[in-house]
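The values are calculated or read from the model by the stated rules, or taken from the named source; none is laboratory data. The structure displayed is predicted, hence computed values, not measured ones. As a convention, Cβ positions derive from the backbone with ideal geometry for all residues, glycine included, and neighbour counts pool all protein chains shown. With ligands, DNA and RNA removed, areas are computed over all heavy atoms of the protein, side chains included. Shrake-Rupley method; radii C 1.70, N 1.55, O 1.52, S 1.80 Å.
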Amino acid sequence: MRRPDLKVLTKAVALRLVFEGDRAVGIEFLRSCKRKVAYAMRGVILSAGTIKTPQLLMLPGIGNPDKLARSGISVRSRLDGVGANLQDHVQAGFEYQRRPPGLFQCAL
């Protein structure tokens, strides 16, 4: 967070990657109901989560050609693993109390 070459925006939704030729140079996003574009000086690091990252790659045509063709997207770069093997990681947190001594008492 203290890096001078990094800016973090909150309350923003990534819409699409911005390209110059075959090179990603920025990201278009929505913030405060306004479309904005942020350009990278060197490189774009895409880290938008399990679902949004592959979506942002596939929309401009980066991914499996067969899957892209089914959605009418022309291929920019073949990368078969994009969007493959997605799984939810379901977790449930809970807290409890018990009356000692209990079944799960350990001596460490």
Check your understanding: Using a 1.4 angstrom probe and counting only protein chains, how large is the accessible area of S47 in Å², to 10?
Key -> 110 Å²
Practice item. Please give the helix 49-58 orientation as an angle from the longest Cα principal axis of the chain, in degrees from 0 to 90, rounded to the nearest 10. Key: 10 degrees
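Out of the total accessible area of segment 13-68 (probe 1.4 Å, heavy atoms of protein only), what percent is carbon and sulfur?
55 percent
Calculate for the chain the 222 nm mean residue ellipticity that helices alone would give, adding -39,500 (n - 2.57) per DSSP H run of length 4 or more and normalising by residue count, nearest 500 deg cm²/dmol. Before the final figure, lay out each step's value.
Numbers: 2 runs with 16 residues, N = 108.
When only DSSP H runs of four or more count, the value is -4000 deg cm²/dmol.
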Point to revise | Surface accessible to a 1.4 Å probe, per residue, for the residues of the chain, Å² | key: 89 Å²
Exercise for review: Using a 1.4 Å probe and ignoring any ligands, DNA or RNA, find the accessible area of V44 and quote it in Å² to the nearest 10.
Suggested key: 60 Å²
Practice item. Report the label-to-label distance for A84 and R35 in nanometres (one decimal), using points 7 Å from each Cα along the Cα→Cβ vector. Key: 3.3 nm
Revision key, fill the gap. Counting only protein heavy atoms and leaving out ligands, DNA and RNA, the solvent-accessible surface of K36 at a 1.4 Å probe, in Å² to the nearest 10, equals 80 Å²
